[in-house]
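One structure, as structure tokens, below. Some questions next.
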């Protein structure tokens, strides 16, 4: 761990963990976003892969486009007054959803080329990604820079895709005894292929995920404090009590 990371972690650990959208602050596990595609469609590794590719093609490009277009109705402050929000909430929401729709129109031919008729399994939930909170979350209260839009979009994409693939493979194994069509065992829980089973499996995965994330946060915090103590000793500074 580098010194600047250790300093930030000891000074403001929540801010440090907030930027990790893959594991420590996964948007699904920690905030409950994007649940519908997960519990309804991620019933197999193949379905999860199609959704992951769709999210990869949509999320970051749509955030970039929305970042450019939202400058037509900019928020002047990081925490704007309610009066300013009321004036700009509707046009900004239209811009964000509209930009996602434009990117979807460009992404669909690519998805169709990759997966063909298999894409029909996703049904209405594929175009519904246009209004998914993962894409539009906090659009009315934050004016993102292009760098932040790209960085945050990529991190959220990786975190969401990781959970999609994990959940899809686990549900396929439980319900059919296969993973990406390869037979591994007999079916253990056929109900896992249903939305109700999806909620159960996702709940268990989230519980395990949050437990491991909590332990890793404690480990990182302890390591950062130890490193800062070493740095202070080398520089002859007194340690914090």
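Out of all the residues in the range 11-21, which are assigned to a helix (DSSP H, G or I) and either free of Cβ contacts under 8 Å to residues at least 40 places away in the same chain or crowded, with 17+ Cβ neighbours inside 10 Å (or both)?
Passing the criteria: 11, 14, 15, 16, 17, 18.
Those residues that are touching a helix residue (DSSP H, G or I) at 6+ places or on another chain (Cβ under 9 Å) and farther than 13 Å from residue 201 by Cα, I need them from the range 166-181; list them, please.
Those that are touching a helix residue (DSSP H, G or I) at 6+ places or on another chain (Cβ under 9 Å) and farther than 13 Å from residue 201 by Cα: 176, 178, 179, 180, 181.
Now, a different point. Please enumerate the residues belonging to the range 180-203 that are free of Cβ contacts under 8 Å to residues at least 12 places away in the same chain and under 18 Å from the mean Cα position of the chain (by Cα).
203
When you go through 63, 15 one by one, which is the residue that is modelled with pLDDT of 85 or more and farther than 22 Å from residue 175 by Cβ?
63 is the lone residue from the list that is modelled with pLDDT of 85 or more and farther than 22 Å from residue 175 by Cβ.
So residue 24 fits all but one of (1) assigned to a helix (DSSP H, G or I); (2) in contact with a helix residue (DSSP H, G or I) (Cβ under 7 Å, 6 or more places away or on another chain); (3) under 27 Å from residue 216 (Cα atoms); what number is the exception?
Only one criterion is unmet by residue 24, namely (1).
Looking only at the range 171-185, decide whether some residue is part of a loop (DSSP other than H, G, I, E, B) and farther than 29 Å from residue 55 by Cα.
yes
If you don't mind, another one. Among the numbered criteria (1) at pLDDT 95 or above; (2) surrounded by 16 or more Cβ atoms within 10 Å (Cβ to Cβ), which one does residue 88 miss?
Looking at each condition in turn, residue 88 falls short on (1).
Taking residue 156 and the conditions (1) assigned to a helix (DSSP H, G or I); (2) touching a helix residue (DSSP H, G or I) at 6+ places or on another chain (Cβ under 8 Å); (3) surrounded by fewer than 17 Cβ atoms within 10 Å (Cβ to Cβ), which numbered condition does it fall short on, given that it satisfies the others?
(3) is the only condition that residue 156 fails.
So for the range 173-184 (the condition being at pLDDT below 90 and closer than 26 Å to residue 57 by Cα), does at least one residue qualify?
Scanning the range 173-184 turns up at least one residue that is at pLDDT below 90 and closer than 26 Å to residue 57 by Cα.
Working carefully through the options 101, 52, find the one that is in a helix (DSSP H, G or I), closer than 21 Å to residue 150 by Cβ and over 17 Å from the mean Cα position of the chain (by Cα).
101
Could you check, for the range 136-144, whether at least one of its residues is within 15 Å of residue 63 (Cβ to Cβ), in a helix (DSSP H, G or I) and modelled with pLDDT under 85?
yes
If I ask for residues that are surrounded by 15 or more Cβ atoms within 10 Å (Cβ to Cβ) and either in contact (Cβ under 8 Å) with a residue 60 or more places away in the chain or not in a helix (DSSP H, G or I) (or both), which ones from the range 104-127 would you list?
Answer for the range 104-127, where residues must be surrounded by 15 or more Cβ atoms within 10 Å (Cβ to Cβ) and either in contact (Cβ under 8 Å) with a residue 60 or more places away in the chain or not in a helix (DSSP H, G or I) (or both): 111, 115, 119, 121, 122, 125, 126.
Among the residues of the range 98-129, count how many are in contact with a helix residue (DSSP H, G or I) (Cβ under 6 Å, 6 or more places away or on another chain) and either more than 23 Å from residue 48 (Cβ to Cβ) or modelled with pLDDT under 85 (or both).
Here the count works out to 2.
How many of the residues in the range 1-49 are under 13 Å from residue 165 (Cβ atoms) and over 11 Å from the mean Cα position of the chain (by Cα)?
Residues flagged as under 13 Å from residue 165 (Cβ atoms) and over 11 Å from the mean Cα position of the chain (by Cα) within the range 1-49 amount to 11.
The values are calculated or read from the model by the stated rules, or taken from the named source; none is laboratory data. Keep in mind that what you see is a predicted model, and the values were worked out from it rather than measured. We place every Cβ from the backbone using ideal geometry, glycine too, and count neighbours over all the protein chains shown.
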